[in-house]
Amino acid sequence: MASTTERGQTLLARQPIFDHQQRVIAYELVANDTDHLNAMLEIDPEAESGSELLLHAYTSLSDQGEIKRVPAFIRVSQKMLIEGNMPALPAKQVVICVRLTEPDNMELLRAMHAMVKAGYRFALHDFKYDPAYSTALKLAKIVRIDVNNLDSQGIQAQIEQLEPFKSTVLAANISSFEALEECIQNGYKLFQGSFLSKPKVVKGRKISANQVALMQLIQELQKPSTTPEALEDMIIRDPILTYKLLRIVNSATYSLVRQVESVAEAVVLLGMEQVRKWATLISMSANKDKPEELTRLLLTRGHMCEIIARSLNLTNPSGFFMVGMMSGLHAMLDIDQPTLLEQLPLGADTQLALSKGEGDMGTVLNQVMAYESGDWDLLPSNFDVSLYEAAYRHSLKWTKESMQAMYD
């Protein structure tokens, strides 16, 4: 993108890597320009501390009430490895991803061997089995296979050919739950792709009682006619929702001068929109049938939409948050989006944004989703690079703190 090149600023997003239970075990850091990412990591007087801060910002999360860090998969060029320009990154916090182009590059193999001896782990990026790469396979802990263009036979063949090397095989670019299940059954251990953002449609399965209750609550929360009294009455009927809402209101997120002890007080102090937003968030995150990462993704998306709306002085910034959250509700409930939109009492702007990607809300939502997925080419050439980068990083931090506030 021209704007990024002209400003010399790297765009960076994270993409989750899951185990077979769909728990996040690492994030891959995806940059719009790997040369820029290399430049950010190159050795200079402040490189080590700068790299550590970058890793912390993108790999720290709240996981079932525990703040923790997971490793970062970082793509590094062959040139950087050969020339020895890698900074002193903490070996336990990174996995170095390298794409091989020739099997007999002895300079690269020697550099990899030296880093392995120093405690670093390597992943072979977008690899397709070839016996000529056996030396590199012996050095690599992880092998990343793009399964999107492989048929069932190809998916099975790759895992069988790699079995003698005892590598952990990562199935990448998984676009559906059916493909995920196939990879799990074939012995792949790590998984990456867009499957999480799609509903898991199972023929003949009925919506669970929990999902029905969630749908009903969100329907009520979204009604424009809901009064403060009705909102309070709706929330206090659910003790867990009430408890978590008051925890968030009294957390560092708002830094209120006194303790809020009732939902009615929260509505008075924060306003209807803030309470409506948090009640929706808590209700969605209570769905234990879905991995936490989906809640994490939607929270980050919603907050980033709201920050951008405020920065651009667009009307109803809280509505942008709800659009970001609602954009993945169909995946949370395993319902196709058109059916869901028919059942929710959403405003015209929200409906237009979610169904057609139109209007201010639709434009911001589409750009935020392009940013988070690393689809940099879908962003307009004149978009505000600094605003989006700062909004994304702030939203990751805010999401971590918000999810933590909902736990004891």
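The values are calculated or read from the model by the stated rules, or taken from the named source; none is laboratory data. Fair warning: this is a prediction, and the values are worked out from it, not measured in the lab. Counting neighbours? That spans all protein chains shown, and the Cβs are built from the backbone with ideal geometry, glycine included.
So the values come out like this:
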| quantity | calculated |
| --- | --- |
| When residues of the range 205-228 are limited to those that are under 15 Å from L346 (Cβ atoms) and outside any helix (DSSP H, G or I), the one modelled with the lowest pLDDT | P224 |
| Residues of the range 171-199 satisfying the condition of being among the basic types (K, R) and either in a helix (DSSP H, G or I) or within 17 Å of the chain's Cα centre (by Cα) (or both) | K198 |
| Number of positions in the range 372-383 that are within 15 Å of G328 (Cβ to Cβ) and in a helix (DSSP H, G or I) | 1 |
| Any chance L100 is part of a loop (DSSP other than H, G, I, E, B) and not assigned by TED's automatic domain parsing to the domain that holds P291 | yes |
| Those residues of the range 127-147 which are among the hydroxyl-bearing types (S, T, Y) and out of contact with any Phe, Trp or Tyr (no Cβ under 9 Å at 6 or more places or on another chain), in sequence order | Y129, T135 |
| Candidates I67, I155, I142 - the one that is buried (at least 16 other Cβ atoms within 10 Å of the Cβ) and either in contact with a Lys or Arg (Cβ under 8 Å, 6 or more places away or on another chain) or closer than 21 Å to A31 by Cβ (or both) | I142 |
| Cβ pairs under 7 Å, 6+ apart, first in the range 329-349 and among the acidic types (D, E), second exposed (fewer than 15 other Cβ atoms within 10 Å of the Cβ) | D334/V201 |
| The range 234-246 residues that are hydroxyl-bearing (S, T, Y), paired with ones that are assigned to a helix (DSSP H, G or I) (beta carbon under 7 Å, 6 or more apart) | T242/I235; T242/I236; T242/V263 |
| Test: Q337 is farther than 14 Å from L11 by Cβ and either surrounded by fewer than 23 Cβ atoms within 10 Å (Cβ to Cβ) or in contact with a Phe, Trp or Tyr (Cβ under 8 Å, 6 or more places away or on another chain) (or both) | yes |
| Output for the range 268-310, where each listed residue is over 24 Å from D349 (Cα atoms) and among the β-branched types (V, I, T) | V268 |
| Residue in the range 124-138 that is under 30 Å from I155 (Cβ atoms), at pLDDT 90 or above, part of a helix (DSSP H, G or I) and charged (D, E, K, R) present | yes |
| Out of N148, N105, sole residue that is within 23 Å of the chain's Cα centre (by Cα) and polar (S, T, N, Q) | N148 |
| Residue count, the range 390-403 (criterion: surrounded by fewer than 16 Cβ atoms within 10 Å (Cβ to Cβ) and under 17 Å from V249 (Cβ atoms)) | 1 |
| Output for the range 168-183, where each listed residue is surrounded by 20 or more Cβ atoms within 10 Å (Cβ to Cβ) and within 27 Å of L108 (Cα to Cα) | V169, L170, A171, A172 |
